[in-house]
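Engineer: Take this structure first; my questions come after.
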Amino acid sequence: MSRRALTLLLGVAAIGFAEPLHAQRPDSLVAAGVRAYRDLDFELAAGYLRRALTLLEARPDTVLRTEAMAYLGAADLFLERPDSVRSVFRQLVRLNPRYRIDRLIFPPEVTTVFDAVRRATPVTVVALPSRARFSASDSALMGSVFASAYHQIRVEVQALDASVVRRVYAGPITDSLAIAWNGQATDGIPVSSGRYVLAVSSLDSTGAAVRVLRVPLDVTVVRMDTLLAPLLPTLLPTRSTGPGGLASLLGGLAIGAAVTILPSAVASDASPGAGRFVIGGAVTIGSVVGFLSARRQHALLAGNVAVNDSLRVAWQERQAAVASENNQRRRNAQITVLVGVPQVIEQGQ
Amino acid sequence: MRLAVLPVVAVLMVSVTRTGDAQSWSAGLSLATVRLQRPAVGADTSVALRGTVLGLGGVIGFGPMRFDIRYAQGSASPAGGGSSTDIVDGEILLWVTPVPWVAAGIGPHARAFVEGGGTARWLLWELRLRSGTNLVGQTVGVYIEGWRVLGASVPAVDPFDHAWGMEGGLSVAFGQSPLGRLPFSARLSYRVEQQVVGGGVRRETQDQLGIGIGVGRR
């Protein structure tokens, strides 16, 4: 076999044994891209890394993607593709707002551009437990918000119609922020069971939301039974109602007439004294006076008023105690929150 | 001797009205002008006597039941002059109130007339009905009472025929009395009664205009 034939045979064998690039795994592509970047073959590096990112898009793991993006951005920088650089770094920041480019690996030209893009891309990410169970009175759903850069944010729990149920935080964020929601609405009462959204809005300098991170919350609330309000006690009449009316007037007049007339019938053949006229007249006058005064105002029953006051005070005390107990029970609801997969809504894009 | 009865009755009334279980009680004094009309001895006319009597009384009630005791003593003289007649009058009645607007009472009513060294005693068993109403709040009330004698022991040889009477008046409650926290009240009344003996041959008629004051808890 000639030397040329041997060389050709080895070449064919090498090609046959070699794994084709399109069949390689993304991590191998990333590794190849990094090697090419380090060999200053930026064009080749960019090719490997772009192919790797295409394959990584469907993966939830972000570590390899962030590494690929960082090297791709750096490669594009040295290939003098500034638009591509900003686009790649912007995607990197959105993918992982907490990512900080390694200054030991990348030169200042790259880190400077990345930091500029990061500061111009205010995004957040939320870290919450997938499931939380707590008492609304003394505990809360605890979590953290991480930001790419300093900016203003607004953290709210919203209903599905985007109405605000409770504002958790509004203000600046630098690197990270601890948040807590105790399951209560703005009025201090635990929310009803249902679906809610934890919305983290990144605001621009005018206060408009440029990006909203929406975390679905499936809330289950178990409330304690509340007590029935005490009934108003039966109060005693505070003013006399019977006497003084028309019936009393007629009764008094009848008695006055009887006292005047009947003695003649009782003492049939005697002459009753004039005292009957005194009493009969007094009764008659008293009846008329009583009727007229009763029309103005019935007599106030002071004893009943005092009893009613004490009953009313006792009832109010019981009512306040029950209201306090019920308020406490309402706040003591047991809340379970299932946290869903966050979604990002970019405003103005 | 008869005057000595007064303090005894007073002590009895106070002891009765101080009973702790009583739901209501009252005690009081009364003064009345009395007029007696009775047949003149030996003539077909009647004679009238006028006088005053001083009385003590008290009431003690337990729910719908009520005991009423009254004692009065005084004297009366003929209008034209003559020997006076001492009058002693007492009654004990048990009242029940089946409905709020009427009460029924029953009990003995004893009366003695002392004149000329002799004493004529009457004992009448009476059935009474009483009704009343308040006119001005709980302050002013009026009442009327009528009674019929069911049986009697009379100081006469003639048989007892019948007797009846009535009383009406008004009372005023003044709140706390000078004696303390007990309600104080006054009463003005007119009373007339007549006893008929011997099929109408003898009629004894008494009427009196009285005023009374009392303390107690309703």
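The values are calculated or read from the model by the stated rules, or taken from the named source; none is laboratory data. Predicted model, so just to flag it, every value in this text is computed and none were measured. So basically every Cβ, Gly included, is an ideal-geometry build from the backbone, and we count neighbours across all protein chains shown. Surface accessibility is based on the protein's heavy atoms, side chains included, excluding ligands, DNA and RNA. Shrake-Rupley method; radii C 1.70, N 1.55, O 1.52, S 1.80 Å.
Engineer: Within the stretch B:89-105, how many residues are more than 16 Å from B:Arg191 (Cβ to Cβ) and under 13 Å from the mean Cα position of the chain (by Cα)? Before you say what the answer is, go through the steps one by one.
Structural biologist: In the first step, residues of the stretch B:89-105 are kept if they are more than 16 Å from B:Arg191 (Cβ to Cβ); the result is B:92, B:94-104.
Checking the rest, the ones that are also under 13 Å from the mean Cα position of the chain (by Cα) come to B:92.
Final tally of qualifying residues: 1.
Engineer: How about the stretch A:176-191: which of its residues are part of a loop (DSSP other than H, G, I, E, B) and surrounded by 13 or more Cβ atoms within 10 Å (Cβ to Cβ)?
Structural biologist: Going residue by residue through the stretch A:176-191, those that are part of a loop (DSSP other than H, G, I, E, B) are A:182-183, A:185-189, A:191.
A:Asn182, A:Gly183, A:Ala185, A:Ile189, A:Val191 - these are the residues of the stretch A:176-191 that are part of a loop (DSSP other than H, G, I, E, B) and surrounded by 13 or more Cβ atoms within 10 Å (Cβ to Cβ).
Engineer: Mind checking which residues of the stretch B:153-181 are under 19 Å from A:Arg276 (Cα atoms) and either open to solvent by less than 50 Å² (accessible area, probe 1.4 Å) or at pLDDT below 90 (or both)? Outline the logic, then answer.
Structural biologist: Initial filter on the stretch B:153-181 (under 19 Å from A:Arg276 (Cα atoms)): B:164-172.
Correct list: B:Gly165, B:Met166, B:Glu167, B:Gly168, B:Gly169, B:Leu170, B:Ser171, B:Val172.
Engineer: Turning to a different aspect of this structure: Does at least one position in the stretch A:192-213 carry a residue that is under 15 Å from the mean Cα position of the chain (by Cα), free of Cβ contacts under 8 Å to residues at least 24 places away in the same chain and more than 23 Å from A:Pro122 (Cβ to Cβ)?
Structural biologist: No: the stretch A:192-213 contains no residue that is under 15 Å from the mean Cα position of the chain (by Cα), free of Cβ contacts under 8 Å to residues at least 24 places away in the same chain and more than 23 Å from A:Pro122 (Cβ to Cβ).
Engineer: So, B:Thr119, is that one over 25 Å from B:Trp25 (Cβ atoms) and open to solvent by 50 Å² or more (accessible area, probe 1.4 Å) or not? Don't jump to the end; show me each part of the working.
Structural biologist: Values: over 25 Å from B:Trp25 (Cβ atoms): yes; open to solvent by 50 Å² or more (accessible area, probe 1.4 Å): yes.
Against the criterion (over 25 Å from B:Trp25 (Cβ atoms) and open to solvent by 50 Å² or more (accessible area, probe 1.4 Å)), B:Thr119 qualifies.
Engineer: Something else about it: For the stretch A:252-269, state whether one or more residues are open to solvent by 20 Å² or more (accessible area, probe 1.4 Å) and not in a helix (DSSP H, G or I).
Structural biologist: yes
Engineer: Select from the stretch B:153-170 the residues that are more than 10 Å from chain A (Cβ to nearest Cβ) and in a strand (DSSP E or B) and list them in ascending order.
Structural biologist: Taking the stretch B:153-170 first, the residues more than 10 Å from chain A (Cβ to nearest Cβ) are B:153-162.
Matches in the stretch B:153-170: B:Ser153, B:Phe160, B:Asp161, B:His162.
Engineer: Hey, among B:Leu209, B:Leu150, B:Leu129, which residue is modelled with pLDDT of 90 or more, open to solvent by 10 Å² or more (accessible area, probe 1.4 Å), in a strand (DSSP E or B) and within 17 Å of B:Ala32 (Cβ to Cβ)? Break it down into steps so the answer makes sense when it comes.
Structural biologist: Details: B:Leu150 fails: within 17 Å of B:Ala32 (Cβ to Cβ); B:Leu129 fails: within 17 Å of B:Ala32 (Cβ to Cβ).
Of B:Leu209, B:Leu150, B:Leu129, the one residue that is modelled with pLDDT of 90 or more, open to solvent by 10 Å² or more (accessible area, probe 1.4 Å), in a strand (DSSP E or B) and within 17 Å of B:Ala32 (Cβ to Cβ) is B:Leu209.
Engineer: So, in the stretch A:270-290, exactly how many residues are facing chain B (nearest Cβ under 7 Å), outside any helix (DSSP H, G or I) and open to solvent by 50 Å² or more (accessible area, probe 1.4 Å)?
Structural biologist: 0
Engineer: Still on this structure, I have one more. Name every residue in the stretch A:99-126 that is closer than 15 Å to A:Ser202 by Cα and either open to solvent by less than 10 Å² (accessible area, probe 1.4 Å) or assigned to a loop (DSSP other than H, G, I, E, B) (or both), in order of residue number. Outline the logic, then answer.
Structural biologist: Step one: filter the stretch A:99-126 for residues closer than 15 Å to A:Ser202 by Cα, giving A:118-126.
Hits for the stretch A:99-126 are A:Ala120, A:Thr121, A:Pro122, A:Val123, A:Thr124.
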